[in-house]
């Protein structure tokens, strides 16, 4: 059963680290005249990566180092390491213009190669692995494009809220379908997104850049893979969670485009909440409490 | 004539000596190591863990396989290999089994086999053996030493069967299983009782 110290380590710590980092970086930029403002950089990816790693290390322990031969890394271990590398890489990539896309593709390849590795090794035939990996690559590309595309259109805090809804949905579904560890790990990313949302309300010009969004998509996708393949998250629910950033395009439909920014933002969040809400409801309904009132996370 | 007689006596005595001297195999018969196959029906792998820091909780694994070579006269030549399917964890409560298979505990999809392979066997006190080997669990391989009791040997359905029993403790955090340490503890006691039939 998660305790208060888990909340402090898994939510307050990453939220504080990401929030303080973003607030410090964005404050001087926000004050400077527009023409003196430095080009937008993926600061959020950098701070999210640090905060996410810190929360996992504080909750459990730092994941085993890869390539040392002392332990076979699991999907969650790879996710934590890829996230830690992806933050600085995407931050650096935000200085490189078009090359940033190539970096994202490399990181996406790393996620698809490393995270579902056990499925390829033990559970899928060669043909099944090819079909699954191709399908997952298309899905990741679709979700990535949908999310980064939203970055150019969204109003103030609505995009952090959309991503926070998706991440919270994944965390709840993972917790209800067998893995508290995955729920808590995802909670670290939720805290980062929550901090970004607060900073977005505070600094009107704050935006999550394309590289920041790429980072969030990669990490959420990797955690979703773990929940789907190594825990008991159902395929339909995983797809519903992936649909959240796609649904957030709703205000771009003809007839809704001309609404006020506030209305569009609210509509965006509501649209994203619908598929996530269905997935969470299905997970709640599928969760069978123990007849002795001792739910599984107490075991 | 005397020369022939000497030759005859010499050859005869050598022949007698050869006949009276048993072949080396007969005087010190080499005990052959016998190979056994684990009987999964009569083999039990149980675990005992704390729950809520208030009680002990038992579970089992229902899919166990393996084989071993046993040489009673020369224990050093013995060898043990046991494999347990992590997916087969059984606590009589499906929901709990599901949780134990998840990444919180055994992570059975990613680390489907728990394996023990001996590297050294030596005789201990009477009827006991000290077995050192590599235990692979949750993606980590560590050397452990367990004391195995030779419970008995018998004939069953025309075949030789043999039984061993051991109880040992594993610190699960050393194997990267860090979930719920505050309420479940880190030490898990393993109770392994093996019955095997000669191949």
- If the label point is 7 Å along Cα→Cβ of residue A:234, which residues in the stretch A:171-187 have backbone nitrogen under 13 Å from it? A:177
- In degrees, nearest 10, the alpha-carbon axis of helix A:235-247 is tilted away from the dominant principal axis of the alpha carbons of chain A by 0
- Query: When a footprinting reagent is the concern and you count Cβ atoms within 10 Å, what order do A:256, A:193 take, fewest first?
  - Reply: A:256, A:193
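Which whole number in µm²/s is D for the stretch A:184-299 by Stokes-Einstein, with the Kirkwood Rh taken over Cα pairs at 4 °C and 1.567 mPa s? If you can, show how the numbers build up before the last one.
Details: Rh = 16.5 Å.
Rounded to a whole number, D works out at 79 µm²/s.
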- Message: Connecting C-alpha atoms closer than 10 Å in a GNM of chain A, tell me which of A:170, A:159, A:285 has the biggest fluctuation.
- Response: A:285
- Message: If you fit an axis through the alpha-carbon atoms of helix A:126-151 and take the longest principal axis of the Cα set of chain A, what angle between them do you get, 0 to 90°, nearest 10?
- Response: 30
- Note on the structure: Extension length gain for residue A:266 and residue A:95 (0.36 nm per residue less Cα distance), in nm, is 58.3 nm
- Going 7 Å from the Cα of residue A:145 toward and past its Cβ, which residues in the stretch A:60-91 have a backbone nitrogen under 11 Å from where you end up? none
- Message: Restricted to Cα positions, what overall size does the stretch B:32-198 have along the principal axes? Three whole-Å values, descending.
- Response: 48, 30, 30
- Message: For a Förster distance of 41 Å, can you work out the FRET efficiency between the beta-carbons of residue A:274 and residue B:134, rounded to the nearest 0.05?
- Response: 0.20
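Counting only other chains, and only Cβ atoms inside 10 Å, what mean value do you get across the residues of A:50-61? Present the calculation step by step, with values, prior to reporting the outcome.
Numbers: counts 0, 0, 0, 0, 0, 0, 0, 0, 0, 2, 6, 3.
For this peptide, the per-residue mean of nearby foreign Cβ atoms is 1.
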- Item | Normalised contact order of chain A, rounded percent, pairs of Cα under 8 Å and 6 or more residues apart | 24
- Message: So if I take the centroid of the Cα atoms in the stretch A:60-76 and the same for the stretch A:252-273, what is the distance between those two points in Å?
- Response: 43
- When the chain is fully extended, how far beyond the present Cα-Cα distance does residue A:125 get from residue A:7, taking 0.36 nm per residue of separation? 38.4 nm
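Sort B:127-140, A:267-280, A:77-90 for me by packing, meaning the mean count of neighbouring Cβ atoms within 10 Å per residue, highest on top. Walk me through the intermediate numbers first.
Values: B:127-140: 18.1, A:267-280: 20.6, A:77-90: 23.1.
Top to bottom by mean Cβ count within 10 Å: A:77-90, A:267-280, B:127-140.
For the stretch A:83-147, count the residues as N, evaluate 2.2 N^0.38 Å, and divide the Cα radius of gyration by that value, please. Don't skip to the answer; put the middle values down first.
On the way: Rg = 13.7 Å, N = 65, 2.2 N^0.38 = 10.7 Å.
Against the compact-globule rule of thumb, the ratio is 1.27.
Can you give the helix-only mean residue ellipticity at 222 nm for the protein assembly as shown, where every DSSP H stretch with n ≥ 4 adds -39500 (n - 2.57) and the sum goes over all residues, rounded to the nearest 500 deg cm²/dmol? Let's see the in-between values first.
On the way: 15 runs with 237 residues, N = 498.
Rounded to the nearest 500, it is -15500 deg cm²/dmol.
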- Message: Can you give the FRET efficiency to the nearest 0.05 for residue B:85 and residue A:16, using r as the Cβ-Cβ distance and R₀ = 45 Å?
- Response: 0.55
- Span from the the stretch B:160-199 Cα centroid across to the the stretch A:150-202 one, whole angstrom: 40
- Query: So what is the relative contact order for the stretch B:32-198, in percent, with contacts set as C-alpha pairs under 8 Å and at least six apart?
  - Reply: 25
- Message: So the label point goes 7 Å from the Cα of residue A:27 along Cα→C-beta, right? Which residues of the stretch A:177-205 then have their backbone N under 19 Å from it?
- Response: A:195-205
- Query: Normalized C-alpha radius of gyration of the protein assembly as shown, against 2.2 N^0.38 Å?
  - Reply: 1.34
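In nm, what is the difference between 0.36 nm times the number of residues separating residue B:198 and residue B:55 and their Cα-Cα distance?
Details: separation 143, 0.36 × 143 = 51.48 nm, distance 3.95 nm.
So the chain would gain 47.5 nm between residue B:198 and residue B:55.
Calculated FRET efficiency, residue B:32 and residue A:133, Cβ-Cβ r, R0 60 Å, to nearest 0.05? Don't skip to the answer; put the middle values down first.
On the way: r = 50 Å, r/R0 = 0.84.
Calculated value: 0.75.
Each value in this text was obtained by applying a stated rule to the coordinates, not by laboratory testing. These figures come from a predicted structure and were not determined experimentally. Every residue, glycine as well, gets a Cβ built from its backbone with ideal geometry; the counts of neighbours run over all protein chains shown.
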